[in-house]
Structure formats: C-alpha cells, structure tokens
Amino acid sequence: MEHLDRRLPVAFLLLLPLLSVSCVSNKKTTVSWCVLSDAEQQKCLDLAGNATARKIRGTLQCVRGLNTRDCLNKIKNGTADAASMFADDVYAAGFCHGLELAAGESHNGVDGFSYYVVAMARRSSSDLSLLEMHERSSCHPGIRTTVGWTVPIGFLVNTSQISIGEQCNFPRAVGNFFGYSCVPGVKDVQHDPRGNNPKNLCEACIGDDNDRHICANNHRERHYGEAGALRCVAENLGDVAFVKHTTIFENLDGKNQESWALDLELEDLKLLCPDGTEAGLDEFDRCHLAAVPANAVVVRMEDKCRVWKFLERLQNAFGNATEGFRLFSSAGYGESDVLFNDATHHLQRVLGSYTSWLGPTYTTMLQAFECEGFC
C-alpha cells in the first residue's frame, strides 16, 4: 500500500516534525465535533456549555453525523473538524481521506494502548499451533469485530495460511480454512446479503436456551461476545478463542455466575503465540496477535495543532474533575464510552502520522483487508 506521506517531497517531509511540534496560529476559534448518537450529542452540548461557563478560549460546536463514514466525509470537506474514532476507522480516515490525528486516548497511564488480542485455548490441547490452524475449530466474539475478525483473520492471511483470492471473499476463505467455527452475525443479511456465507462458520454456535437465535449477532447467542467466545472453548466446542487479554480475568473468581464460568480455572487455559509456541495467561504482553491502539481524534492535517490546543484546554478544566462535568465519564448519559472511552486517563498529543499511532503490527493486519475496499 502506498501511503500518502510516501508521495510527498522529501524536503517537506523533513519539515513535518517542526510543523507538528510548533503550533502555527490559526484564527479559527470554533471546533466542530461530529457526533453519532443522542448520548454523544448531549454530552457534546454539555461540554460546550461548561466550556463557555468556564470562559475557556474557543467554542465547541456539535455536528450530527449519520455514521462514521459520514463523519469522515464531513471532516474532509470542512463541515466538521474532529471526531473520536476506533482504530479501524482511524486507518480508513488516513488511507481513504488523507486525514490525520490530533490526540489519542491514554488508558490508565499506558500511552496509546487499549488491549491485546490473544488466542486462548484449553491447556489439554497439546497439538495446537497458531501456525497450523487449518481444519481446527475457532470461536470469535462476532463478525467484523477487531478482536473476532480483523486481527485473527488478518494474521492468518499475513502468515499465508488463508488465501483470499481475486474474489476477495473473506467469509468463504475462512469457512474453507477452519473445520467449524462460531462467528456470530456471519449469516446476517448485513454481512451475507446473498445468503451464501459458509454454514460451518455457525456450527460451534449454540443459540439460546431453547436452541433458537443460533449464530445471532447479539447475546441471545450464548457464544457471542468476549465471554461467549471463551465459553465456546471452555465447553470444548472450539479449539481456540480470539479474545481480549482481559477476558479470562473478567470471568473468573465469581465475576461471572454462569455455571461454565464457575468451573473455570486459570490452569485450564493457555495462550497460543504467533511464533507457534504457547504461554501462560499472564504472558499476554509477549504472546499476542496484536496490540490494539486506543481511540484517537481524527482531524484535517492543518487542524492537528489547533484542535489539540483546544482539547488540552478542555482536559485541563474537566479531565480530572471529581464533581460537575467530567470529560472522561459517561455517567448520566445512558451509555458507556460517550465521546471518549470511560477508561481514558488523559488525552495525549499525536505528533506523528496515523500509521505511527496504529503501529506496524496492527497496520499490517488492516492492510490484509484492502481488497474489500475501505473507501
């Protein structure tokens, strides 16, 4: 893939660090933020009102977008200035629209990092290797999710275990590769408009207590989501579960009262590493498929500095607030992670390009899907 910065003159590239570090003054004082839900719009309006009341320099304006792609288009054409987006959308912003990042979330003080995607298996499965997964069974939190699809399938493509072919039909290629799987949502009309996605991608799914809603892209399918994928392996219906590194710890020690979780112990499971070896569950920092970056604020290149300065002022006022409006809290909005992730410790300035934020491993995972068309 040819990135935008590779087409820029060398002399300009040498100037980029200087342009990034020192803010060039911009007379525009309003920052238009693209929001996607009623909760986001309300929190944005509350933030704008509180910023005005505190006489913070600059004005926040809230612009409603239809979806993420609409927000990207609005930022590109100048009808919006910024929006906070997931890592996959950050890639589309940079690759498709030439947009960049002003800031990124830091969770618990760990800069730019959100979670690891790991491959979890039963310790009793002694013949498993991530480099030899053909005809094995797999459990995924859901179709088209970062954890359940983008990262593991990207890994299998990049290690030449899965060949996509000219038709770029990922579900068919994945179905031909695994013996059987549970990929909730893979047979939904949205993801299977022609109804020809392989049936074996739902054969490790179990539906609800009445054997209905099998392979549903919601919690009616008991193998849906992080806990569901873990359950799929725990119940011996799959060889490997692709989950976040925190998943096992969130379901042990009585945190999950379902019978399958109450019987589960750390010693029952292991991690499969990208080099074909295995590791303990606490070794996720060295044994993972990808480190997924945290959300970041997408902007036009010329607004990197201006938007960061405004966010910095907002963060200084509301980032560590214990009462009143809190920038990194969604309490009172009926949803979690409104505008920013609730786990955000602080926002950090992004000086480099969008690919530097995503990191080489995660960027490579996303590049495996280029034939589908991000734009």
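Over the chain, dividing the summed -39,500 (n - 2.57) contributions of all DSSP H runs of at least 4 residues by the number of residues returns a 222 nm mean residue ellipticity of -8500 deg cm²/dmol.
Which three numbers, in whole Å and largest first, are the semi-axes of the equivalent ellipsoid of region 83-167 derived from its Cα gyration tensor as √(5λ)?
30, 19, 10
Protection proxy ranking, highest mean first, for peptides 178-187, 110-119, 297-306: 178-187, 297-306, 110-119, where packing is the per-residue count of other beta-carbon atoms within 10 Å, averaged.
Each pair of Cα atoms in the chain enters the Kirkwood radius, and Stokes-Einstein at 37 °C and 0.692 mPa s then converts it into a translational diffusion coefficient of 148 µm²/s.
Annotation for residue 76 and residue 218: the two label points, set 7 Å from Cα along the Cα-Cβ direction, are 3.3 nm apart. Running a GNM on the chain with Cα contacts under 10 Å, which residue among 262, 358, 101 ends up with the highest mean-square fluctuation? It is 262.
Please figure out what share of the DSSP beta bridges in region 113-291 is antiparallel and state it in percent, rounded to the nearest 5.
The antiparallel fraction comes to roughly 70 percent.
Holding the Cα-Cα limit at 18 Å, pick out from 199/270; 28/304; 27/304; 43/76 the pairs that are longer than that. Check vs 18 Å cut-off fails for 199/270; 43/76.
In nm², what is the average projected area of the convex hull enclosing the Cα atoms of region 301-368? Result: a mean projected hull area of 6.2 nm². Of the trypsin sites (Lys or Arg not before Pro) found in region 237-270, the ones in coil according to DSSP and having at most 15 other Cβ atoms within 10 Å of their Cβ are 255. Of the GluC sites (Glu not before Pro) found in region 305-349, the ones in coil according to DSSP and having at most 13 other Cβ atoms within 10 Å of their Cβ are 323, 335.
Under the convention that each Lys and Arg Cβ holds +1 and each Asp and Glu Cβ holds -1, the size of the dipole of region 118-177 around its Cα centre is about 220 debye.
Each part reduced to its alpha carbon centroid, region 207-282 and region 168-201 end up 20 Å apart. Per the Debye calculation on region 113-291 with a single equal scatterer at every Cα and no solvent contribution, log₁₀ I(q)/I(0) for q = 0.08, 0.14, 0.16 Å⁻¹ amounts to -0.22, -0.68, -0.90. Relative to the dominant Cα principal axis of the chain, helix 304-318 is inclined by about 80°.
Every number in this text was worked out from the coordinates using simple rules, so none of it is lab data. What you see is a predicted model, and the numbers here were worked out from it, not measured in a lab. Note: ideal-geometry Cβ built from the backbone for every residue, glycine included; neighbour counts use all protein chains shown.
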